[in-house]
Amino acid sequence: MNPSIRWLAGAVGGHRTAFLSTLAANLTSQLALWGIALSCAWLVGHGSLTAGVPAALVLLATAAAWWESYVAHDLAYLVLARLRGQAYEAIARIAPARLLGRRSGDLSAVVLSDIETLEWLFAHTLAQLITSFVVLTAGTVAAFLINPWLPLVTLPLACLVLTVPLWLRRFSSRHGSAMRAATADLHADVVDTVQGLREILAFGAVDRRRALLADKTRRLARAQTANAARGGLEAALTDVLLSTAAAASLAVVALTVSSPADAPLAMVLAAGSLAPAAQVALLLKEYGSLRASADRVHTLVTAPANVTPSREARAEPGDVVFEDVRFRYTPEGPEVLKGVSFTIPQGRTVALVGPSGAGKSTCVSLLLRYWDPDAGRITIGGVPLAQASSLVTVVPQDVHLFAGTVADNVRLGAPSADVEGPLATAQLPIDPRTVVGERGVALSGGQRARVAIARALATEAPVLVLDEAVANLDTSTEERLASALEVAAAGRTTLVIAHRPATIRRADHVVVLDDGRVVAQGTFAEVSHWLE
Ligand SMILES: Nc1ncnc2c1ncn2[C@@H]1O[C@H](COP(=O)(O)OP(=O)(O)OP(=O)(O)O)[C@@H](O)[C@H]1O
């Protein structure tokens, strides 16, 4: 069995009772259906059984089918909920490092559509496969007891039917992967289009975008057509084999059953071993797409973390120290930080400056523990960052606001924090109940930046990272904000990345980075010739 499918089948282990209920209900329903056919066949042949037996079995089969549908879907959605939780944890664990290589639409396709596809595995496949094999075995044994010739014909043909999905398995896997990949690709482009709608309209790119989406839709349609054509071929082959088996069974019954009264029963017993084989073939028709989805979910959920797990100790505020920090984004990529050392004394502000690509944002990413350094270390108050990362908060360069109110966004890192105080410090005179719209579209760029500042202040973390936080503001707002930040930074250990001389001048200490190295540090006056 494919390792991803095996891993997913193992996920059912946490819901053993629901799985056993599904199995029992499916078995009861299948055996009751078989019993209906057998009792009716007996009735037709002998006329001695009362109609009460098939009627009771009909009731039993109906109740069991209803119960099975209920518990199978209960089981499926329990497992899907757990998988979604695992996918979310994986995204949190690997973000943002590994996510940088993936498109957000592709990621949401894994979390939404791939996991949803697996519903078929949990609600309609696992228990049903076991039941089909039980009914197949019982049917073959019963047929052997009544007429030893019957299984000699039906069993080889039933086994042949079971192998039909295997004949085309290579194609099924290929079609399934192509279909899931095309779905995810289209999903990613739709999400990208919706997110960038304003730019698309502003730059008159609607037609080109529509053509791109139409192209991706055609690619998906081609993958679906190929998959459906293979499914049709599988169904046709299965039908040919089943028809051959039915005709052969009829011949065996005609040649070997002496009493006409036993003939209907013999035919039903023959069908008893063929029907489960047909059901297995039908269930496995979706194998390719299930496998592709399982692979994608498995890859995400088992992706290793970028950083060692945090072990928050009772870290106290103190100096933030970078000691000979070295880092590269990928093992084969260039070294981006080549032994960076500097200190941000407790309660002071350090400005990190340097040309584009010098490694300033990388230092911030390491301080926020998106990645761990390859060598060297970062400490706060002498404690390794892994035990002190809750002391750090950030005002990022690209602010993301969630749909909701200003207060919801300010409280992102501190759910019970006071909102008015941080908003006042960030100099944002706004009603905290104001709805910000998706990604904060209802606010101006300057307002969004100030919500981000209030959000960072609300956490009361003693180490503050400002990544070009004033980039979105006009000159007068920037000046007001800069003075507000000075108040906020008082008592906090602050690292500012800024290109503006005014911001750099206000810092207590300036660290100049170039090509991943600290090339100078000191007061603004001491390093000013590096900044020209
Ligand atoms: N996710 C990434 N994967 C691979 N390389 C990266 C990644 N992020 C940044 N880099 C590379 O690392 C180097 C340092 O980038 P960084 O963003 O830290 O520079 P910076 O000084 O902040 O630049 P800027 O002022 O333009 O923002 C650059 O060469 C950049 O191309």
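Once a ≥ b ≥ c are taken as the square roots of the eigenvalues of the Cα gyration tensor of the range 137-256, is the result rounded (a/c under 1.5), prolate (a/b larger than b/c) or oblate (a/b not larger than b/c)? Write out the running numbers ahead of the final one.
On the way: a/c = 5.59, a/b = 4.43, b/c = 1.26.
Prolate, because a/c is 1.5 or more and a/b exceeds b/c.
Calculate what fraction, in whole %, of the accessible area of the range 3-301 sits on carbon and sulfur atoms when a 1.4 Å probe is rolled over the protein chains.
Values: 10110 of 14530 Å².
Carbon-and-sulfur percentage of accessible area, whole number: 70.
Which aspartates and glutamates, if any, have their Cα less than 13 Å from the Cα of K285, not counting same-chain residues under 8 positions apart?
Output for K285: E234.
What's the percent breakdown of Cα-Cα distances in the chain across 10 Å bins, shortest bin first?
Distribution as computed: 3, 14, 18, 18, 14, 11, 9, 7, 4, 2, 0, 0 percent.
Through the Karplus equation 6.51 cos²θ - 1.76 cosθ + 1.60, θ set to phi - 60°, convert the phi angles of the range 421-427 into ³J(HN,Hα) values in whole Hz; use x for Gly and Pro.
Result, ordered by residue: x, x, 5, 5, 4, 7, 6 Hz.
How high is the relative contact order of the chain, in percent, counting Cα pairs under 8 Å that sit 6 or more residues apart?
Details: 837 pairs, mean separation 80.6, N = 532.
Reported relative contact order: 15 percent.
Subtract the Cα-Cα distance of A442 and A9 from 0.36 nm times their separation in residues, and report this length gain in nm to one decimal. All intermediate terms of the calculation are to be shown ahead of the outcome.
Working: separation 433, 0.36 × 433 = 155.88 nm, distance 4.58 nm.
Separation in residues times 0.36 nm, less the Cα-Cα distance, equals 151.3 nm.
Please give every one of the aspartates and glutamates within straight-line cross-link reach of K216, meaning a C-alpha to C-alpha distance under 12 Å, and leave out same-chain neighbours fewer than 8 residues apart.
D185, D189
Using protein chains only and a probe of 1.4 angstrom, how many square angstrom of W167 are accessible, to the nearest 10?
In the full protein context, W167 sits at about 130 Å².
A63 to A305: FRET efficiency via 1/(1 + (r/R0)^6), r the Cβ-Cβ distance, R0 45 Å, to the nearest 0.05?
Details: r = 48 Å, r/R0 = 1.07.
After rounding, the FRET efficiency stands at 0.40.
First obtain the Kirkwood hydrodynamic radius of the range 47-168 from its Cα pairs, then insert it into the Stokes-Einstein equation at 37 °C and 0.692 mPa s, and state the resulting D in µm² per second as a whole number.
On the way: Rh = 18.9 Å.
It comes out at roughly 174 µm²/s.
Leaving ligands, DNA and RNA out of it, work out the accessible area of R169 with a 1.4 Å probe and give it in Å² to the nearest 10.
Its heavy atoms expose roughly 100 Å² to the probe.
Could you please state, rounded to a whole Å, how far the C-alpha centre of the range 355-434 is from the C-alpha centre of the range 15-83?
57
For the chain, give the share of DSSP beta bridges that are antiparallel, in percent and rounded to the nearest 5; count only bridges with both residues there.
Around 55 percent of the beta bridges assigned by DSSP in the chain are antiparallel ones.
Taking the alpha-carbon distance from K338 and a cut-off under 16 Å, which aspartates and glutamates remain once sequence neighbours fewer than 8 residues away in the same chain are dropped?
Once the sequence-local aspartates and glutamates are set aside, what remains near K338 is E323, D324, D372, D374, D514, D515.
Sort 279-291, 401-413 by the packing proxy (mean of other Cβ within 10 Å over each peptide's residues), most packed first.
Working: 279-291: 21.8, 401-413: 19.3.
Top to bottom by mean Cβ count within 10 Å: 279-291, 401-413.
PRE reach from A214 (point 7 Å along Cα→Cβ): which of the range 159-196 fall under 17 Å by backbone N?
Only 190 pass the distance filter.
For the range 250-293, max minus min Cα coordinate along each principal axis, in Å, sorted largest first?
For the range 250-293, the Cα spread along each principal axis is 53, 14, 7 Å.
With θ taken as phi - 60° and the coefficients 6.51, -1.76 and 1.60, list the Karplus ³J(HN,Hα) couplings across the range 36-47 in order, rounded to whole Hz; mark glycine and proline as x.
4, 4, 5, 5, 5, 4, 4, 4, 4, x, 10, x
For the range 3-301, calculate the relative contact order in percent as a whole number, restricting contacts to Cα pairs under 8 Å that are 6 or more residues apart.
Details: 347 pairs, mean separation 97.9, N = 299.
Relative CO of the range 3-301 lands at 33 percent.
Roughly how many Å² is the accessible area per residue of the chain, as a whole number, for a 1.4 Å probe?
Numbers: 25350 Å² over 532 residues.
On a per-residue basis, the chain sits at 48 Å².
Let me know the Kirkwood hydrodynamic radius for the range 320-530, please, with Cα pairs as the basis and the value in Å to one decimal.
Values: mean 1/r = 0.0570 Å⁻¹.
One over the average 1/r among Cα pairs gives 17.6 Å for the range 320-530.
If r is the Cβ-Cβ distance from E116 to E332 and R0 is 45 Å, what FRET efficiency results, to the nearest 0.05?
On the way: r = 36 Å, r/R0 = 0.80.
The computed FRET efficiency comes out at 0.80.
Using modelled backbone amide H atoms (1.01 Å from N, in-plane), which distant-in-sequence or interchain residues come within less than 5 Å of R348's amide H?
Placed amide hydrogens put T494 under 5 Å from R348.
If I model a spin label at D372 and E479 as a point 7 Å from the Cα along the Cα→Cβ vector, what separation in nanometres do I get?
4.8
If a/c stays under 1.5 just call it rounded; otherwise compare a/b with b/c (prolate if a/b is bigger, oblate if not). Do that for the range 201-330, with a ≥ b ≥ c from the square roots of the Cα gyration tensor eigenvalues. Could the numbers behind the result be given before it?
Values: a/c = 5.62, a/b = 2.13, b/c = 2.63.
Note, shape of the range 201-330 comes out oblate.
Counting only residues 5 or more places away or on other chains, whose amide H sits under 5 Å from the amide H of L337 once H atoms are built in the peptide plane?
Excluding prolines and chain starts, which carry no amide H, the hits are F327.
PRE reach from V44 (point 7 Å along Cα→Cβ): which of the range 148-167 fall under 11 Å by backbone N?
Answer for this model: none.
Amide H to amide H under 5 Å from V394: which residues, 5+ apart in sequence or cross-chain, H placed 1.01 Å off N in plane?
Residues meeting the criterion, in which the H sits 1.01 Å from N, are V465.
For the pair D324 and F171, what calculated FRET efficiency results from E = 1/(1 + (r/R0)^6), where r is the Cβ-Cβ distance and R0 = 60 Å, to the nearest 0.05?
Details: r = 55 Å, r/R0 = 0.92.
Efficiency, rounded to the nearest 0.05: 0.60.
From the phi of every residue in the range 173-185, what ³J(HN,Hα) in whole Hz does the Karplus formula 6.51 cos²θ - 1.76 cosθ + 1.60 yield, where θ is phi - 60° and glycine or proline is x?
Once rounded to whole Hz, the list reads 5, 5, 5, x, 5, 4, 5, 5, 5, 5, 4, 5, 5.
Indicate the gyration tensor shape class of the range 3-301 (rounded, prolate or oblate), computed on the Cα atoms with a ≥ b ≥ c the square roots of the eigenvalues: a/c under 1.5 is rounded; otherwise a/b larger than b/c is prolate and the rest oblate.
Numbers: a/c = 2.98, a/b = 2.14, b/c = 1.39.
Here the range 3-301 falls in the prolate category.
Please work out the Cα convex hull volume for the range 260-407 and give it in Å³ per residue.
Details: hull volume 38.5 nm³, N = 148.
Expressed per residue, the convex hull around the Cα atoms of the range 260-407 is 260 Å³.
The values are calculated or read from the model by the stated rules, or taken from the named source; none is laboratory data. Please read all numbers here as calculations on a predicted model, not as lab measurements. For neighbour counting, all protein chains shown are included, and Cβ atoms are generated from backbone atoms with ideal geometry for every residue, glycine included. SASA here: full protein model, heavy atoms, side chains in, ligands and nucleic acids out. Shrake-Rupley method; radii C 1.70, N 1.55, O 1.52, S 1.80 Å.
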